[in-house]
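The values are calculated or read from the model by the stated rules, or taken from the named source; none is laboratory data. The shown structure was predicted, so the numbers you read here are calculated from the model rather than taken from an experiment. Because the Cβ atoms are built from the backbone with ideal geometry, glycine has one as well, and the counts that use them run over all protein chains shown.
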Amino acid sequence: MVEQTEFSTKARRAWMGLLARAPKEALADVWDKAGLAPAFDWVRAPEIGGVMVRGRAGGTGAPFNLGEMTVTRCTLALQDGTIGHGYVQGRSKSGAEVAALVDALMQTSGADHVRSQVIEPLERLMKDAKLSRAAKAAATKVEFFTMVRGEDK
Amino acid sequence: MYVAVKGGEKAIENAHAWLAEERRGSPDVAELSIAQIREQLSLAVNRVMAEGSLFDPDLAALAIKQARGDLIEAIFLIRAYRTTLPRFGYTNPVETAEMACDRRISATFKDAPGGQVLGPTFDYTHRLLDFKLAADGEVPAAPEGAARREPTPHITEFLKGEDIIQDEPASEDTPGDLTRQPLEFPSSRPLRLQSLTRGDEGFVLGMAYSTQRGYARNHAFVGELRIGKVAVEMVIPELGFAIDLGEIELTECETVNQFQGSKTEPPQFTRGYGLVFGQSERKAISMALVDRALRWEELGEDYLGAAAQDEEFVLSHADNIQATGFLEHIKLPHYVDFQSELELVRKLRREAEERITPKEAAE
């Protein structure tokens, strides 16, 4: 019997997006530390491809094709039948496999362990990296000051 | 007479072996790694991604290494590679208003909400060679301030209320795709933007510069220039909803152009738009200027006969891989073509000489 838990589409979008954006070394690192090795069967073996990224004219107007980006995807099934989809940026078959395993496990009763061992460390790491850049950017913000002219006194 | 010629296999093989040796350079000097190119020559990597039209920093770095630093050759390698990739789909348009900005400046609004954030820029450097870099690469950590956590809104948003700037109303039209259908004229703004963003930086810069010098004059201000990361989201059919597939660095430039009004449009500010992979601001500004010049028809402006207004001229010559392919093929063997030309010129010469000689004899 499939041992699945309740989870929202919003939550699944969040973890799948996090796994896709995560630096590949960090993803491999937290996965190794989590010490999980669930048995699975491939539904769709890892495949490298491209997606056409779109932008909008003027940032808000009509869509246009900006250029492509590499993506690796795969789909697998755990022994209990839970399906996991893995999508990661770039060319990493092992990364897509880990992403699909995490996606599958997050739908099972083992979700809490995966969340604390894989999802949350990645979240912290990526948030810190983003904040560090934002902090450096903030230090380059121009502070204007006005010179007081003599005749204004 | 046509004589089929074969040969050169051994010479080609040996030439490529020598190429590999020259690429490596002196073995006494440490070899460059892909990571070194990606991290330390990142603006070259960005250019190869933008004009190769494929966002993948590691692949672009590999291409630069393989091409011995010849960026057009590297772009060629990336274009060839991308044709081998299965296309998983088209993403939702990126939300540049949500960009995590490393840099965000405006030449028009000093006090824009979010401020003038310079980021890691060459601007205001003295352009003097820094011999310290030749000695060692040690750098102190960059200072940090209070990180902004909320997104930085676009500056044009603040002008919209006044109805003094031309609007860019959202649409969900499916844009044409140059990688799927060959370009035909007249094209459309989405196709022009796709062509310009992957066009040669030097060519697009030259076209943009021509508009500044008075050919199709469009006095442009940089309303906003921003560089940073945006998430890329796509609807996954097997899931039935959209997920982030990754994050890419982009440079976005919006120009604000003075516009006196035309037969169809009231006096207002009009806009040009540039959006380019990576940190590529010279290219993004150039793209925005050329985009604006090419919009003359929809804005009811006059065609002044300037090259930057002629979409067929601009778009047909912007692609450096097409250009280099046609240009460089003339160095490959044309023995038979040339043989026939040689025969023709010799015959014309003979005929010309025969016309002259009897006249001289008569005098």
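See the values below:
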{"read-out": "Any hit, region B:95-107, residues being more than 7 Å from every other protein chain (Cβ to nearest Cβ), surrounded by fewer than 18 Cβ atoms within 10 Å (Cβ to Cβ) and either part of a strand (DSSP E or B) or not acidic (D, E) (or both)", "value": "yes"}
{"read-out": "Count - residues of region B:31-69 that are assigned to a loop (DSSP other than H, G, I, E, B), free of Cβ contacts under 8 Å to residues at least 24 places away in the same chain and not acidic (D, E)", "value": "3"}
{"read-out": "Residue, nearest to B:I321 (Cα to Cα), within region B:34-82, restricted to residues that are out of contact with any Asp or Glu (no Cβ under 8 Å at 6 or more places or on another chain) and of a type in the set (F, W, Y)", "value": "B:F76"}
{"read-out": "Selected residue [within 25 Å of A:T146 (Cα to Cα), among the aliphatic types (A, V, I, L, M) and modelled with pLDDT of 95 or more] from B:I75, B:I64, B:I155, B:I105", "value": "B:I105"}
{"read-out": "Residue check, B:V276 within 27 Å of B:L205 (Cα to Cα), in contact with a Lys or Arg (Cβ under 6 Å, 6 or more places away or on another chain) and of a type in the set (A, V, I, L, M)", "value": "yes"}
{"read-out": "Residue tally, condition free of Cβ contacts under 8 Å to residues at least 60 places away in the same chain, more than 24 Å from B:M49 (Cα to Cα) and assigned to a helix (DSSP H, G or I), over region B:279-312", "value": "0"}
{"read-out": "Matching option when the condition is charged (D, E, K, R), surrounded by fewer than 22 Cβ atoms within 10 Å (Cβ to Cβ), closer than 30 Å to A:V43 by Cα and within 13 Å of another protein chain (Cβ to nearest Cβ), among A:R133, A:R91", "value": "A:R91"}
{"read-out": "Matching option when the condition is surrounded by 12 or more Cβ atoms within 10 Å (Cβ to Cβ) and within 14 Å of another protein chain (Cβ to nearest Cβ), among B:L41, B:L62, B:L71", "value": "B:L62"}
{"read-out": "Test: residue in region B:138-158 that is basic (K, R), more than 28 Å from A:S132 (Cβ to Cβ) and assigned to a loop (DSSP other than H, G, I, E, B)", "value": "no"}
{"read-out": "Region B:234-289, subset in contact with an Asp or Glu (Cβ under 8 Å, 6 or more places away or on another chain) and among the basic types (K, R), residue nearest to the other protein chains (Cβ to nearest Cβ)", "value": "B:R271"}
{"read-out": "Residues that are within 11 Å of chain A (Cβ to nearest Cβ) and surrounded by fewer than 10 Cβ atoms within 10 Å (Cβ to Cβ), drawn from region B:110-138", "value": "B:D111, B:D123, B:Y124"}
{"read-out": "In region A:1-60, the residues that are under 12 Å from the mean Cα position of the chain (by Cα), over 23 Å from B:L85 (Cα atoms) and surrounded by 22 or more Cβ atoms within 10 Å (Cβ to Cβ)", "value": "A:W15, A:L27"}
{"read-out": "So A:T108, is it within 14 Å of chain B (Cβ to nearest Cβ), of a type in the set (S, T, Y) and surrounded by fewer than 23 Cβ atoms within 10 Å (Cβ to Cβ)", "value": "no"}
{"read-out": "Any hit, region B:21-30, residues being free of Cβ contacts under 8 Å to residues at least 24 places away in the same chain, outside any loop (DSSP other than H, G, I, E, B) and out of contact with any strand residue (DSSP E or B) (no Cβ under 9 Å at 6 or more places or on another chain)", "value": "yes"}
{"read-out": "Lone qualifier among B:I155, B:I164 - being more than 7 Å from chain A (Cβ to nearest Cβ), of a type outside the set (K, R) and either under 25 Å from the mean Cα position of the chain (by Cα) or farther than 19 Å from B:T255 by Cβ (or both)", "value": "B:I155"}
{"read-out": "Residue count, region B:175-201 (criterion: exposed (fewer than 15 other Cβ atoms within 10 Å of the Cβ) and in contact (Cβ under 8 Å) with a residue 24 or more places away in the chain)", "value": "2"}
{"read-out": "Selected residue (only one of A:G50, A:G61 is at the interface with chain B (Cβ under 7 Å from one of its Cβ atoms) and either in a loop (DSSP other than H, G, I, E, B) or among the polar types (S, T, N, Q) (or both))", "value": "A:G61"}
{"read-out": "Yes/no for B:R87 being touching a residue at least 40 places away in the same chain (Cβ under 8 Å) and under 23 Å from the mean Cα position of the chain (by Cα)", "value": "no"}
{"read-out": "B:F221 being over 20 Å from B:R104 (Cα atoms), more than 10 Å from chain A (Cβ to nearest Cβ) and either assigned to a loop (DSSP other than H, G, I, E, B) or not polar (S, T, N, Q) (or both)", "value": "no"}
{"read-out": "Listing of helices (runs of 4 or more DSSP H) fully contained in region A:70-153 that carry 3 or more residues being touching a Cys at 6+ places or on another chain (Cβ under 8 Å)", "value": "A:93-105"}
{"read-out": "Subset of region A:12-47 [touching a residue at least 24 places away in the same chain (Cβ under 8 Å), assigned to a helix (DSSP H, G or I) and more than 11 Å from chain B (Cβ to nearest Cβ)]", "value": "A:A26, A:L27, A:A28, A:V30, A:W31, A:K33, A:A34"}
{"read-out": "Number of the condition not met by B:F277 [criteria: (1) of a type in the set (F, W, Y); (2) surrounded by fewer than 18 Cβ atoms within 10 Å (Cβ to Cβ); (3) under 18 Å from A:M52 (Cβ atoms)]", "value": "(2)"}
